[in-house]
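K.L.:
Sending over a structure as structure tokens; questions will come in a sec.
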Amino acid sequence: MLRPDDLYEIVDESVATGPAATPKVLVHSLDGFMDAGQAGRVTADHLLEVLDNRLLARFDVDLLHDYRARRPEVTFAEDRFIDYTPPQLSLHLMKDDAGVEFLLLEGVEPDNHWNRFAGAVRQLIERYNVTLTVGVHGIPMGVPHTRPLGLTAHATRPELVTRSNIWDGEMRLPASAATMLQVRLGEAGKDAMGFAVHVPHYLAENRFPGAALALVHAISAATGLLLPSKALLDEAAVTGRLVDEQVEASEDASAVVNALETQYDAAAGSVSRGSLLAGSTPSAEELGAEVEQFLAELNRDDDN
């Protein structure tokens, strides 16, 4: 019988463990479901690039990944295959700019053994004395790139949600390993929260560093971690100029962005900064339809 601890191996035994260990935050970004603008992936890559880190644990991806559904890439060079890139799912020990330790779980979303995966993450949370987990990703929304990006916040306890969302009520959406993980942690009495950044739907398939920048700021505000963001700020500025140039070169694109700006600005006085318009807040059905359309586009891309 496969157990949760069969899914991973500890590669660095030198880190303090148990209740006496320094309390830590765990940030997670799992690739494979929905991540408009590559927001979560860029966030994880940015943190690994700019902060001191070391590998703590490695998941056995062969047990978790469906290779036929999401095939890794390999390079064909003239007459041979080289540079096979296997999928990975890893836990890293990080240090923020003040030297405070936290954990980063990043890599491919598990296709199999979701409940065992949640159990494995819970074991790691208890091993390293994690007091809060924070998940991040991007979702496509009808917003312009010329305005502040909104965020949807969610958590296992209402006290952890410090910002208002743009819709009320309930909706049924496809689950992911990350959303299931938050549910399971809440059931176990563990604090968990997350942020979904609202990425302009016309940029959802592209790398959009402004979305990662918004997530880094949200993580810092929620946890107190001092996370550097200058590299993302610079990249976001360059990307913004390139998008502006492309929009200006197309009358149709300009019309779409102008309409979104008008809609966004119409609610500026009645909703918090970075949110969508109060007068045009999407219903659960409208939001679900937009999400389903985005997922359908992803599936078409995978088939192609």
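The values are calculated or read from the model by the stated rules, or taken from the named source; none is laboratory data. Not measured: the values here are computed from a predicted model. Counting neighbours? That spans all protein chains shown, and the Cβs are built from the backbone with ideal geometry, glycine included.
K.L.:
Which ranges mark the strands (runs of 3 or more DSSP E) fully within region 41-85 that have 3 or more residues being surrounded by 12 or more Cβ atoms within 10 Å (Cβ to Cβ), modelled with pLDDT of 95 or more and under 20 Å from the mean Cα position of the chain (by Cα)?
P.N.:
Values: elements: 53-59, 73-77, 80-85.
Result: 53-59.
Conditions (1) surrounded by fewer than 20 Cβ atoms within 10 Å (Cβ to Cβ); (2) on the phi > 0 side of the Ramachandran plot, marked per residue:
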residue: 97; (1), (2): yes, no
residue: 110; (1), (2): no, no
residue: 113; (1), (2): yes, yes
residue: 120; (1), (2): no, no
residue: 127; (1), (2): yes, no
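K.L.:
Being out of contact with any His (no Cβ under 8 Å at 6 or more places or on another chain) and either of a type in the set (Gly, Ala, Ser) or surrounded by 15 or more Cβ atoms within 10 Å (Cβ to Cβ) (or both) narrows it down to one of 224, 150, 194, so name that one. Show your work before the answer.
P.N.:
Numbers: 150 fails: out of contact with any His (no Cβ under 8 Å at 6 or more places or on another chain); 194 fails: out of contact with any His (no Cβ under 8 Å at 6 or more places or on another chain).
When all the criteria are applied, what remains is 224.
K.L.:
Okay, next question. For region 204-234, name all the residues that are modelled with pLDDT of 95 or more and among the polar types (S, T, N, Q).
P.N.:
220, 223, 229
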